[in-house]
Amino acid sequence: MSARTGRVPVAGLLGATLLTVLVVVSVAAPLLSTHGPLDQDLGAVLRPPSAEHWFGTDELGRDVFSRVLHGGRVGLGVTAIAAVVAALIGLVLGLAGALFGGWVDTVAGRLADVQLAIPTIVLALVILSFVGNSLGPLIVVLVSGSWVLTFRVIRGHAQSVVHRPFIEAARLSGAGRRDIAVRHLLPSVLPLFTVAFTLNASAILLLESSLGFLGLGVQPPTPDWGSMVAAGQARLDTAAWVALFPGAALVLAIVGFQLTGDALAERFAAGPRVSALEKEPIS
């Protein structure tokens, strides 16, 4: 086993562990929090980390530890929803483009090109300025800026598979497009889909936090890692903990996604799995 091959499972395990820990503590935030995330104590403003306030307090006397935990519920929750929706859109459009070709593939490809031509931040400014910074429009922005990666990965691989002899054999045996997609194309693209989903989730979390940092994401007083970092950046010299801990949580989550995605990519480096028909040609 090469050194490179030996390192990948360790990196993947580390990434999965980071994500698992962050998800668990975020879900269990109401149980683990020592204070309410919105509770203000003007007599304890900008207190450094202590036995009472493990991560210190912010400019309103709110407990940073509790806000980091609850901020994970918001950030990771929004990321999960947007990543699933974007992945499903990319999967369906990618498979449809490869199977049907023609105008279906052309329209899907042009939509992807248009999306890539519009910076996501500009799209966010336009959408959120018209409809407000609520959760629904935020998820729409995140999905709009992230489905293209999955679409291009799935479409490219599916187009290379759809003309292989085992697919032609399935067509000749009477299989329709739906059967071909479900029984043959879907198993073939699942490894690539998994890798794309993991890496895309990292990009979505970073985008969600960036929008929060710019004031375009989840609105105060709801805790969000990006907005918490923005609120603490002006006090880095006197109260660095206000921005340090939410920033560290964000970095750990992104590193977790990236390590997991890289490990999955290495795991499937030999090529996506193929369907049973590809392994055993139809007689």
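The values are calculated or read from the model by the stated rules, or taken from the named source; none is laboratory data. Small disclaimer: the values here were computed from a predicted structure and weren't measured. In this analysis, Cβ positions are derived from the backbone assuming ideal geometry, glycine residues included, and neighbour counts consider all displayed protein chains.
Brief remarks follow.
- Scan region 178-202 for residues that are small (Gly, Ala, Ser), surrounded by 22 or more Cβ atoms within 10 Å (Cβ to Cβ) and over 19 Å from the mean Cα position of the chain (by Cα) and the total you get is 1.
- Residue match in region 191-207 (condition: more than 28 Å from Ile254 (Cα to Cα) and among the hydroxyl-bearing types (Ser, Thr, Tyr)): no
- Within region 153-172, none of the residues are part of a helix (DSSP H, G or I), within 13 Å of the chain's Cα centre (by Cα), modelled with pLDDT of 90 or more and hydrophobic (A, V, I, L, M, F, W, C).
- Matching helices (runs of 4 or more DSSP H) fully within region 181-283 where at least 2 residues are at pLDDT 85 or above and touching a Leu at 6+ places or on another chain (Cβ under 6 Å): 186-213, 241-267
- Every pair of residues 6+ apart whose Cβ atoms lie under 9 Å, when the first sits in region 139-150 and is on the phi < 0 side of the Ramachandran plot while the second is buried (at least 19 other Cβ atoms within 10 Å of the Cβ) and outside any helix (DSSP H, G or I): Val141/Leu216
- Only residues that are among the polar types (S, T, N, Q) and either under 30 Å from Val162 (Cα atoms) or surrounded by fewer than 22 Cβ atoms within 10 Å (Cβ to Cβ) (or both) were counted across region 203-236, and they come to 4.
- The set of residues in region 83-105 being surrounded by fewer than 16 Cβ atoms within 10 Å (Cβ to Cβ) and either touching a residue at least 12 places away in the same chain (Cβ under 8 Å) or within 19 Å of the chain's Cα centre (by Cα) (or both) consists of Val84, Leu88, Phe100.
- Matching helices (runs of 4 or more DSSP H) fully within region 30-138 where at least 1 residues are farther than 26 Å from Val162 by Cα and modelled with pLDDT under 90: 102-117, 120-131
- Test: Ser146 is buried (at least 23 other Cβ atoms within 10 Å of the Cβ), among the polar types (S, T, N, Q) and more than 21 Å from Ser26 (Cα to Cα): yes
- Val64 being touching a strand residue (DSSP E or B) at 6+ places or on another chain (Cβ under 8 Å) and loosely packed, with under 15 Cβ neighbours inside 10 Å: no
- Contacts under 6 angstrom Cβ, first residue in region 8-32 being more than 18 Å from Gly75 (Cα to Cα), partner among the polar types (S, T, N, Q) and modelled with pLDDT of 90 or more, 6 or more apart: Gly12/Thr260
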